[in-house]
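The values are calculated or read from the model by the stated rules, or taken from the named source; none is laboratory data. Since this is a predicted model, take the numbers as computed values, not measurements. Heads up, the Cβs are rebuilt from the backbone with ideal geometry, glycines too, and the neighbour counts pull from every protein chain shown. Heavy atoms of the whole protein, side chains included, go into the accessibility calculation; ligands, DNA and RNA do not. Shrake-Rupley method; radii C 1.70, N 1.55, O 1.52, S 1.80 Å.
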Amino acid sequence: QRRAAGQKFLSAEMLGMVLGHLGVAIFVIGVMLTESLSVERDVRMEPGQEQSIGDYRFRFVGVRHVEGPNFTADEGLIHILKGDDLVAELRPQKRGYKGGQVMTEAAIDPGLFRDIYVALGEPVGDNDAWAVRLYYKPMIRWIWLGAIFMTIGGIVSASERRLYRRVEQKAPVVRGNEASV
């Protein structure tokens, strides 16, 4: 079909639909790749020891004691290496709060194509060894990105002006005891 002069090539409704469907596709790709390629390991690590997940090496440097405003914590230091390059220094914590609660604070190295998480567990045996949980989650951000595209698509579609035209109402016609339109 040919466009009339001044007519938009793509209406807000159509653009919103495209963005919404693109968001669904991004979301599905994110879920499928995250579920199929994620790696989670619970390991015992001593200072200087390394564990590998894919192209990444996790080097456990050690644990130190830190004082926070309302907690005390054991804070681990883990170097994330890709080849010989340092990608990130993650500092997960095992916190003890004044009320008696103990919380694990995971450390995260986020990225568009992967997130790396490290959580510090409990001391294990001697030699300053600790239980450490390592996570590699590829494409996890795509799940959120898909949701953002779907939301934007819904907002763009809802902004279509023709959806808000005023509709005239007909007066009800009364027949006997019933009212009909």
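A few notes on this one:
- Over all directions, the projected convex hull of the C-alpha atoms in the range 75-133 averages 5.4 nm² in area.
- Amide H contacts under 5 Å for V124, placed H, 5+ residues apart: A129, W130, A131
- Shape call, the range 20-72: gyration tensor on alpha carbons, a/c limit 1.5: oblate
- The range 52-64 - phi-based ³J(HN,Hα) in whole Hz, Karplus 6.51/-1.76/1.60, Gly and Pro as x: 10, 9, x, 7, 9, 10, 9, 9, 7, 8, x, 10, 10
- The chain - Rg over Rh from alpha carbon coordinates, Kirkwood radius: 1.32
- Residue-wise HN-Hα coupling along the range 144-161, computed from phi with Karplus coefficients 6.51, -1.76, 1.60 (Hz; x: Gly, Pro): 5, 4, x, 5, 5, 4, 4, 5, 4, x, x, 5, 5, 4, 5, 7, 4, 5
- R57 versus E105: modelled label distance in nm, points set 7 Å from Cα along the beta carbon direction: 2.9
- Here's how it looks for G62: its modeled amide H is under 5 Å from those of L77, which are all 5 or more places away or on a different chain.
- For the chain: accessible area per residue (Å², 1.4 Å): 68
- The simple spin-label model puts a point 7 Å past each Cα toward its Cβ; for K98 and M17 those points are separated by 6.0 nm.
- Rounded FRET efficiency, nearest 0.05, which uses the C-beta distance separating F113 from E160 and R0 of 45 Å: 0.85
- Over the chain, DSSP H runs of length four or greater, each weighted -39,500 (n - 2.57), average out per residue to a 222 nm ellipticity of -8500 deg cm²/dmol.
- Cβ-defined net charge surrounding I152, 15 Å radius [Lys, Arg +1; Asp, Glu -1]: -2
- Residue-by-residue Karplus 3J(HN,Hα) for the range 70-87, coefficients 6.51, -1.76, 1.60, Hz, glycine and proline x: 9, 8, 10, 8, 9, 10, x, 10, 10, 8, 9, 10, 10, x, 9, 8, 7, 8
- Ranked by the mean number of other Cβ atoms within 10 Å of their residues, highest first, the peptides 151-161, 111-121 fall in the order 111-121, 151-161.
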